Each structure stands twice: as C-alpha cells, then as structure tokens.
Amino acid sequence: MRVVIVEDQALLREGLARLFADGGHDVVATLGDGVTVSQVVDDEKPDLVVLDIRMPPTYTDEGARAAREIKDRHADVGVLVLSQHIETTHAVDLVGRPGFGYLLKDRVLEVEEFLATAGRVASGGSALDPIVVGTLVTAAAGSPLDRLSERERRVLELMAEGLTNTGIAQQLVLSERTVEAHVRHVLLKLDIPESDEGNRRVLAVLTHLRDVHGWS
C-alpha cells in the first residue's frame, strides 16, 4: 500500500510514517500542511492519504476540504481523516463516500486495528470511529432508534463504522446468518432500504442519523 501522510505535528507525522513502514507499507510522502497535497496525490498516485482534519493556517477544516478535493479528483484513492475531537458534521458529510474513513487520533494507538482500518479504506471501504458512532446513536433518544434492541443497536453501530456482515459476525462472535437477520431487522425498523453494497449501506445509516439529529 502506497501512503501519503499529512499532519502538522512532526512527532505524530513521523510516528505514523514509522507505523505504516513497519507494517510493510510504502510511505511515499509526508507533509506538514495540506497546501500541496493534491499535487502530491497527482504525482505519487497513492492508495491512501492520511490527514489531520485541522491543519495550518486556520486549524479549522483544512483537512476536510482537502479530503473532498482528493475524493473529487481521485475517487479511487482512499482518504483517512484523523481528528483530535469528535466533529460529527464533517464525519457524516464525508464518510458515505467509498474509500473514506474518519477516526479519532487515539485510535492510532491500537496499531493492528488502525492498520486494518486503513487497509479497508484504501480498498474502497468505509470507516467511522466507534466513539463518533456511539455519540450519534446515544444522542438520538426519542427517535426511531428506540425501536432497536440492545443487540440491534450494537449491530447498527458496527454497520455505521463500515464493517461488513462478516466483520460484524467476527466482532460479536455470531454466525453470519444471525448477523444478516439483525441487519434486516435494523434496516426494517429504521425504514432504510436494504443494500448489499457496503458504502451505500453506511451512507443510508448515516443519512438516517443525520435526519434524526436535524443536521442539514
């Protein structure tokens, strides 16, 4: 996997580079801001770009804007955005795109899981940080989410994180047939059209959560 890393904190930037290199991946560029990232992606044609959501000069949404530009210009390049804090607006707005992930920076410490998530995003899958998903689901009290059982709510969270039925089955130590049944019940109770395509399913779930919260 060819990786570009965009992070203004030098220690974290170098740490990420070492993490990917130790995992057998090729870090083709490391950048301290997002000014030239689009050109670097044009030149290097990476499989994955990892970037901070807040970067110089304003430390607001530079990373989110860079992510949109990369995905607009290179739909096949995976983009994994890292954030220090939960910023649900950016997460819900972008994570429905194939090959996009949004994680809190603390997730980097879980090395194997982080690299697995990065690989899933580079391969066109989706990923949304479990804490972000939990915040969205928990905050939606009094919504159709109340129709879900505790197990169905957990399945919904894992769906929103971008896991396939196989991944959910492994996470919950259930059979795939059981997971398929839970997924059908979740989609039925939330009036979400069923789809076998992972990213469309993630987008449907997140669109529902966005509607529940009244986001535009």
Projected label distance in nm at VAL35 and GLU180, using a 7 Å step from Cα toward the beta-carbon:
5.4 nm
Any chance you could tell me what percent of the C-alpha pair distances in the range 51-90 go past 14 Å?
43 percent
Under 25 Å from the Cα of LYS45 - lysines, other chains or at least 8 residues apart:
LYS71, LYS105
What is the set of long-range amide H partners of VAL79 at a cut-off below 5 Å, with H atoms built 1.01 Å from backbone N?
VAL49, PHE100, GLY101
Per residue of the range 160-177, in order, report the coupling 6.51 cos²θ - 1.76 cosθ + 1.60 (Karplus, θ = phi - 60°) as ³J(HN,Hα) in whole Hz, putting x for Gly and Pro.
5, 6, x, 6, 6, 4, 5, x, 5, 4, 5, 5, 9, 6, 10, 6, 5, 4
List, in order, the whole-Hz ³J(HN,Hα) value for each residue of the range 24-30 obtained from phi through the Karplus relation with A = 6.51, B = -1.76, C = 1.60 and θ = phi - 60°; use x for Gly and Pro.
x, 9, 9, 7, 8, 6, 10
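Where a number appears in this text, it was derived from the coordinates with a stated rule and is not lab data. For clarity, every value in this text was computed on a predicted model and none was experimentally measured. Please note: Cβ atoms are built from the backbone with ideal geometry, for glycine as well, and neighbour counts cover all protein chains shown.
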